[in-house]
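The values are calculated or read from the model by the stated rules, or taken from the named source; none is laboratory data. From a predicted model like this one, the values you see are computed outputs, not experimental measurements. Cβ atoms come from the backbone with ideal geometry, glycine included; neighbour counts cover every protein chain shown.
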Amino acid sequence: MKVNIQTLMDNVQCYATVRELRWPEGRECPFCTSKKVIKRGCDDKEPARQRYECKECGKRFDDLTGTIFVGHHQPLKVWILCLYFMGLNLSNKQISAELELDRTDVQKMTTHFRYDPTNWAGRDSDACQCPPGNHQAIDKIHCVTWNFGLHR
Ligand SMILES: [Zn+2]
């Protein structure tokens, strides 16, 4: 039997981790920063992805709105694994083998992580918890993986 790392990863836990990192003091509207936020069901494709509505400005958002993970068809756990492997300096080829994904898909993901201007978790860059100076580094992956506790 061939073990695929993806099957060992829990998507629910991935979302819980993103929520914890993103909103350490409770959920907050990414549009108006109000804390008057209510749950509004779950994503159709990813049940672990919680949706919300802001009682202040009326806008809707979910766990990934405004984060570097938004707008892609891969499950969150795949993105996090991809980041993890990038932190270990694996090549696109190696990552695609580990995740059993198409090379071009992996290429898109790694490019996205390197160049997307979106902050890693939708927070202000000042909130980044990686060491001083690190955040300005060209290698943003270092910063992202640090925040996920994946840094080594
Ligand atoms: Zn709001």
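Hey, can you tell me all the residues within segment 42-62 that are in contact with a Lys or Arg (Cβ under 6 Å, 6 or more places away or on another chain) and surrounded by fewer than 13 Cβ atoms within 10 Å (Cβ to Cβ)? Matches in segment 42-62: Lys55 only. From the list Pro24, Pro30, the lone residue that is in contact with a Phe, Trp or Tyr (Cβ under 8 Å, 6 or more places away or on another chain), over 21 Å from Met109 (Cα atoms) and modelled with pLDDT under 90 is Pro30. Please verify whether segment 5-20 includes one or more residues that are within 16 Å of the ligand (Cβ to nearest atom) and either part of a helix (DSSP H, G or I) or farther than 24 Å from Tyr115 by Cβ (or both). No: zero hits. Set side by side, the residues Leu90, Leu83, Leu99, Leu76 differ, and just one is closer than 18 Å to Tyr115 by Cα, more than 16 Å from the ligand (Cβ to nearest atom) and at pLDDT 85 or above, which is Leu90. Would you be able to say whether some residue in segment 137-144 is under 12 Å from the mean Cα position of the chain (by Cα), more than 21 Å from Pro30 (Cα to Cα) and at pLDDT 60 or above? Checking segment 137-144: not a single residue is under 12 Å from the mean Cα position of the chain (by Cα), more than 21 Å from Pro30 (Cα to Cα) and at pLDDT 60 or above. Taken together, the residues in segment 63-79 that are in contact with a Leu (Cβ under 8 Å, 6 or more places away or on another chain) and buried (at least 20 other Cβ atoms within 10 Å of the Cβ) amount to 4.
From the set of residues in segment 35-70 that are of a type in the set (A, V, I, L, M, F, W, C) and part of a strand (DSSP E or B), which is farthest from the ligand (Cβ to nearest atom)? Only one residue fits best here, namely Cys42.
Can Glu98 be described as in a loop (DSSP other than H, G, I, E, B), of a type in the set (Asp, Glu) and surrounded by 13 or more Cβ atoms within 10 Å (Cβ to Cβ)? So Glu98 does not fit the description; no.
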